[in-house]
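So the structure is just underneath, and the comments pick up after that.
The values are calculated or read from the model by the stated rules, or taken from the named source; none is laboratory data. As the structure is a prediction and not an experimental result, all values here were calculated from the model. Here the Cβ positions follow ideal geometry from the backbone for every residue, glycine too, while neighbour counts run over all protein chains shown.
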Amino acid sequence: MPEDPNYLAHAFKSQYNIIGLVTAFGFAVVSGTWLPLLVAAGVEMIALPLVSGNGRFQRLVKARESQEKTQAREEKAQYEVSEMLRFLPDPERVRYRQLEHQAQEIRNNYAGLDATSRMLVDELEGKLGFLLNFYLRMRHSLSRYDRYFSTTDPERMQERIAMLDHEIANGSARVKEVKTRTKLVLEKRMERYQKALENKQLIDAQTETVQEVLQLLRDQSYSMRDPRSITEQLDGLVSSAEETERGVRDMEELLSLDTDSLLGSGLEDLESELDTETPARPTPPLRTPAAPTPSAPPRKKVIQ
C-alpha cells in the first residue's frame, strides 16, 4: 500500500501559510518586538493540525501528488522516446512518425462518439499507445542486435570447432582439457547466436504486424466501426507483443552478460593456458672492465 503523504508538511508549505509567516516576520521587524512572531507561532500550532486533518485538504494533496507523479511519468516516457528516436536511422524515424499519425487519426475519428462508448475508446487509446511504444522499443533493440551480428562471425566459430575436434583427438591430456573448454565456450556462443537470430526475425515479423494492424484500424475508423470489435482485434496482438518483448528482454540480458559475444573477441585467452612456463636462460653476469693498471712513469734520461 502506498504511504499517505505528510499532510502536516504540506499544510506548512502551502502558499497561504508562507504568506502569513512572512507577514508576521515583517511586523516583527517594523515593531522591533518578538510579539508578532510569538502570535504567529501560536496560530501555527493550532491551525496546522486542523488544516492537515481536514478531509478536503487531504484529498486535494493526494490529487496534486497523483498529478505530479503522472506528469513525471509522462516526461520520463517522452524523454525515453526522444532518446530512442535519436539513435534510430532516418527511415526508421519516418516510419514511426507515420504510425503515430495513423494512431492520431484513429483517436480523432472516434472522438465524437457518445458517452456510452467513451470507456471503449479510452481502452482503445491505451492499447494504441502500448503498441506504438512496443514498436519503438523493438526497433531500437534491433540496433543492439545489429551491433552483435556485426562483431560475431558464425562461420569462423564453426571452423574453429572443427579444428578443435581434430586437436582434441590428437593432443595430449593437457591439450585435450584446454581445447575441450574452448570448444564448450564456442558452442555456447553458437547457441546464443542462433537465439539472437530467431529473436531478430521475430521482431521483424511482430513490428510488421503492428504496422499492418494500425493501418487496418485506421481504415476501419473512417467507417465508424464499433470500437468493441476493434479492441477485440487488439487484444491478441497486445498479448503477443508482450510475450515477444519478454523474450527479447531475456535475450538482451544474456547478450549483456556475454562480453565475448558482444565485443566479438576471440577465445585465444583460454588456449594461452597451454603455454608452459619455460625456465629462463640464466644471463651471464655483467663483466665490469678491469681498472687499468697504472703504467710506470717514464724514466728520465740522465745526461752525462
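In this structure, does Arg59 turn out to be out of contact with any His (no Cβ under 7 Å at 6 or more places or on another chain), closer than 30 Å to Tyr145 by Cα and without any contact (Cβ under 8 Å) to a residue 40 or more places away in the chain?
no
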Would you confirm whether or not segment 129-149 contains a residue that is farther than 22 Å from Glu212 by Cα, assigned to a loop (DSSP other than H, G, I, E, B) and either assigned by TED's automatic domain parsing to the domain that holds Leu197 or of a type outside the set (A, V, I, L, M) (or both)? no
Looking at (1) under 22 Å from the mean Cα position of the chain (by Cα); (2) at pLDDT below 80, find the lone condition where Leu113 falls short. (1)
Being touching a helix residue (DSSP H, G or I) at 6+ places or on another chain (Cβ under 8 Å) and outside any helix (DSSP H, G or I) narrows it down to one of Thr182, Thr152, Thr207, so name that one. Thr152
Within segment 168-200, residues being of a type in the set (Asp, Glu) and either under 28 Å from Ala241 (Cα atoms) or modelled with pLDDT under 85 (or both) number 2
Of all helices (runs of 4 or more DSSP H) fully inside segment 1-81, the set with 3 or more residues that are loosely packed, with under 12 Cβ neighbours inside 10 Å and over 47 Å from the mean Cα position of the chain (by Cα) is 15-31, 35-52
Of (1) under 21 Å from Arg156 (Cβ atoms); (2) over 30 Å from the mean Cα position of the chain (by Cα), Lys176 satisfies all except one. Which? (1)
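Please go through segment 162-174 and pick out each residue that is assigned to a helix (DSSP H, G or I) and surrounded by 15 or more Cβ atoms within 10 Å (Cβ to Cβ). Don't jump to the end; show me each part of the working.
From segment 162-174, those assigned to a helix (DSSP H, G or I) are 162-170, 173-174; that's our starting set.
Result: Leu164, Glu167, Ile168.
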